[in-house]
Amino acid sequence: MDTEKWRARLATGHWFSHLPAAFQDSLLAQARLRQLTTGQYLFKRGDPPCGLYAVLEGSLRISAVNEHGKEAVLSLVEPPFWFGEICLFDGLPRTHDACAVGPCTLLQVPQQPLLNILDEHPQYWRDLALLMSQKLRLSFIGLEQLSLMPGSVRLASRLLMIVEGYGDSETSRRTVQLPQEDLAAMLSLSRQTTNALLKDLQAQGIVRLGYGEIEVLELQRLREAAHT
């Protein structure tokens, strides 16, 4: 594995770049590469814990499906996003499905080697708690928006979250590979409503819509639409 190549990619993320250097080294020393093809599942709800992951290339859809086949899409995660830490804390099965949207490259730090590192250096638990608390904070914001904000603000806010890496990426990307059905599922809106809201943003020159993708043209105006 080309460790230094991936270290540079991961260092564009706020969480990894602020870890103690020794913890960064330990994670990379135990890490292995995982390759997924389009539509391949990394894990499903109920699967046993399998460690901590970082997205290096491509993107993953985090979702859940109920007994009637209805899917709730929680998020779309892209480089250099880290995830999987909940099962590290409680040792319980996976809470959601993780599926590759397209070809995807991941870094996996397996469960037991990571627990061994934490046994030797318990101070690193705080760093993992910060990773989990960042997502908890975003979850509370999402719940508040779902209850209080109109659909147009929720859509702009979610697009902003994705292009800014859910607050972890040091840089903003401009193109999101995201079908409108998935975006609608994230927002608890119909596809028709989501399409109409996106077309309104396109008419304002804030985004450009393509097949299965959304390009952000005016990031500051998107922030204004998200009321941030």
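Quick notes on this structure:
- Taking the criterion of being of a type in the set (Lys, Arg) and surrounded by fewer than 14 Cβ atoms within 10 Å (Cβ to Cβ), the only residue of the range 175-207 that qualifies is Lys199.
- In the range 175-205, the residues that are part of a loop (DSSP other than H, G, I, E, B), at negative phi and without any contact (Cβ under 8 Å) to a residue 40 or more places away in the chain: Pro179, Leu189, Ser190, Gln204
- Within the range 127-158, the set of residues being closer than 24 Å to Lys199 by Cβ and basic (Lys, Arg) comprises Arg154, Arg158.
- Scope the range 45-91; condition out of contact with any Leu (no Cβ under 7 Å at 6 or more places or on another chain), more than 20 Å from Asp127 (Cα to Cα), modelled with pLDDT under 95 and not in a strand (DSSP E or B); matching residues: Arg45, Gly46, Gly58, Asn66, Glu67, His68, Gly69, Lys70, Glu78
- Residue in the range 115-131 that is in the same structural domain as Ala54 (by TED's automatic domain parsing), at pLDDT 90 or above and in contact with a Gly (Cβ under 7 Å, 6 or more places away or on another chain) present: no
- Exclusive hit being in contact with a helix residue (DSSP H, G or I) (Cβ under 8 Å, 6 or more places away or on another chain) and more than 18 Å from Leu56 (Cα to Cα), set Leu143, Leu148, Leu159, Leu136: Leu159
- Flag if Leu138 is at pLDDT 85 or above and either of a type in the set (A, V, I, L, M, F, W, C) or in a helix (DSSP H, G or I) (or both): no
Residues checked against (1) farther than 17 Å from Leu131 by Cα; (2) hydrophobic (A, V, I, L, M, F, W, C); (3) surrounded by fewer than 20 Cβ atoms within 10 Å (Cβ to Cβ):
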{"site": "Ala8", "(1), (2), (3)": "yes, yes, yes"}
{"site": "Gly13", "(1), (2), (3)": "no, no, no"}
{"site": "Gln24", "(1), (2), (3)": "no, no, yes"}
{"site": "Gln35", "(1), (2), (3)": "yes, no, yes"}
{"site": "Pro48", "(1), (2), (3)": "yes, no, yes"}
{"site": "Ala72", "(1), (2), (3)": "yes, yes, yes"}
{"site": "Gly91", "(1), (2), (3)": "no, no, yes"}
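- Considering (1) at pLDDT 90 or above; (2) of a type in the set (A, V, I, L, M); (3) farther than 28 Å from His14 by Cβ; (4) touching a helix residue (DSSP H, G or I) at 6+ places or on another chain (Cβ under 7 Å), the lone condition that Ala196 does not fulfil carries the number (4).
- Scanning the range 99-114 for residues that are within 19 Å of the chain's Cα centre (by Cα) and within 16 Å of Met132 (Cβ to Cβ) yields one hit, Val109.
The values are calculated or read from the model by the stated rules, or taken from the named source; none is laboratory data. Just so we're clear, the structure is a prediction, and the values are computed from it rather than from any experiment. Glycine gets a Cβ as well: all are built from the backbone with ideal geometry, and neighbour counts include every protein chain shown.
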